[in-house]
Amino acid sequence: MSKYLIDVNLPSRFSVWASDEYEHVVHINDELKDSEIWDYAKENNLTIVTKDTDFSDMIMLNNPPPRVIHIKIGNMKMKEFHQLITRIWNDICTLSESFKLIRVYSDKMEGID
């Protein structure tokens, strides 16, 4: 059963997000509006994983579901991005169970309730 919805602004071919726990917006409909992605995640109790600030703003005005993991890493080579996310992904998921919003930076993570 899926737990995470990966937004179109993140790589869909990414080994850490390649199991049944993950759905990718690009495989559903890559032209969905943010509000439609939000509704889909809410209806399916999914955590949105995104680089889009709009979802951070939306969760601050709502209660889960959905939860949001906002990846706020600037431009980075794909190999470096993959290595970083692979190294910290389990910690991100654990934090996401306790907080409605996780902000992920290249050097830290923060949980917001």
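Note the count of lysine pairs whose C-alpha atoms are less than 13 angstrom apart in the chain, limited to pairs 8 or more residues apart or on different chains.
Number of lysine pairs found: 4.
In Å, the Kirkwood hydrodynamic radius of the chain over pairs of distinct alpha carbons? If you can, show how the numbers build up before the last one.
Values: mean 1/r = 0.0717 Å⁻¹.
After inverting the mean inverse Cα-Cα distance, the result is 14.0 Å.
Count the DSSP beta bridges whose two residues both fall in the chain, then state the antiparallel fraction as a percent rounded to the nearest 5.
Roughly 25 percent of the beta bridges in the chain run antiparallel, per DSSP.
Given points 7 Å out from each Cα along the Cα-Cβ axis, report the K3 to N29 separation in nanometres with one decimal.
2.8
Provide the net charge surrounding L84, with neighbours chosen by a C-beta distance below 15 Å and charges set as Lys +1, Arg +1, Asp -1, Glu -1.
Within the 15 Å Cβ shell, the charges total +4.
Report the relative contact order of the chain, percent, no decimals, based on alpha-carbon pairs under 8 angstrom and at least 6 residues apart. Could you put the intermediate results ahead of the total?
Working: 170 pairs, mean separation 24.7, N = 113.
Relative contact order of the chain: 22 percent.
Taking +1 at the Cβ of each Lys and Arg and -1 at the Cβ of each Asp and Glu, which of V8, M109, C93 sits farthest along the dipole of the chain towards its positive end, judged by Cα position relative to the Cα centre?
M109
How big is the charge dipole of the range 30-113 about its Cα centre, in debye rounded to the nearest 20, if each Lys and Arg gets +1 on its Cβ and each Asp and Glu gets -1 on its Cβ?
Using Cβ point charges on Lys, Arg, Asp and Glu, the range 30-113 gives about 400 debye.
So what is the 222 nm mean residue ellipticity for the chain from helices alone, if each DSSP H run of at least 4 adds -39500 (n - 2.57) and you divide by all residues, rounding to the nearest 500 deg cm²/dmol?
When only DSSP H runs of four or more count, the value is -11000 deg cm²/dmol.
What's the magnitude of the charge dipole for the range 1-78 around its Cα centre, counting Lys and Arg as +1 and Asp and Glu as -1 at the beta-carbon? Answer in Debye, nearest 20.
Numbers: 8 positive and 13 negative charges, 83 e Å.
Here the range 1-78 has a charge dipole of around 400 debye.
A short reminder: the numbers here are calculations on the coordinates, not readings from a lab. Computed from a predicted structure; not experimentally measured. No Cβ is skipped: glycine too gets one built from the backbone with ideal geometry, and neighbour counts run over all protein chains shown.
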